[in-house]
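Taking it in order: structure first as structure tokens, then the write-up.
The values are calculated or read from the model by the stated rules, or taken from the named source; none is laboratory data. In this text, all values refer to a predicted model and were calculated from it rather than measured experimentally. When we count neighbours, we look across all protein chains shown, and the Cβ atoms used for this are built from the backbone with ideal geometry, even at glycine.
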Amino acid sequence: MRRLVVLLSLLLITISVHAEIYTLYPDGSGDFASIQEAIAGSVSGDEIQLADGVYSGPGNRDINFLGRSLTLRSISDNPEACVIDVEGTVGNGINEHGLIFDSGETSDTRIQGITVTNAALDGG
């Protein structure tokens, strides 16, 4: 029995956990068509890299991290070159958000080198 426990322990140690890295482009090409699709298709520990440009439209606003501890970052690490444009307007009656963290995300969730612009929140 002791040998079995040792063998199983060694087997578990040799299995490496490999985080995936996904790359997205503003034209919808890459590993996923939108940031939200990338988050939905990933697991905690994965990294989503954004090429420089402007990300807008469905799937690139109201981005919910779904409780996952992910890294969302620009490849260039230049927030002026990598922008999420929510296309919201204050007073339009529509609550358009940039990034949503309301599902138990932890401090392991990282956002780096990205600007979020034109997000609006009416009445709340």
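If the requirement is being modelled with pLDDT under 90 and in contact with a Lys or Arg (Cβ under 6 Å, 6 or more places away or on another chain), which of these qualifies: GLU96, GLU87?
Numbers: GLU87 fails: in contact with a Lys or Arg (Cβ under 6 Å, 6 or more places away or on another chain).
Within the list GLU96, GLU87, the selection yields GLU96.
Go through region 25-83 and give me each residue that's of a type in the set (Asp, Glu) and at pLDDT below 95. Don't jump to the end; show me each part of the working.
Applying the first criterion (of a type in the set (Asp, Glu)) to region 25-83 yields 27, 31, 37, 46-47, 52, 62, 77, 80.
Hit for region 25-83 is ASP62, nothing else.
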Original post:
When only residues in region 104-124 that are buried (at least 16 other Cβ atoms within 10 Å of the Cβ) and in a loop (DSSP other than H, G, I, E, B) count, which is modelled with the lowest pLDDT?
Top reply: ALA119
Subject >> Unique match (being in contact with an Asp or Glu (Cβ under 7 Å, 6 or more places away or on another chain) and surrounded by fewer than 17 Cβ atoms within 10 Å (Cβ to Cβ)) among GLY28, GLY41, GLY67, GLY57 >> reply: GLY67
Subject >> Pairs, first touching a residue at least 40 places away in the same chain (Cβ under 8 Å) and within 18 Å of ARG68 (Cα to Cα) in region 26-40, second of a type in the set (Phe, Trp, Tyr) and outside any loop (DSSP other than H, G, I, E, B), C-beta under 9 Å, six or more apart >> reply: ILE35/TYR55
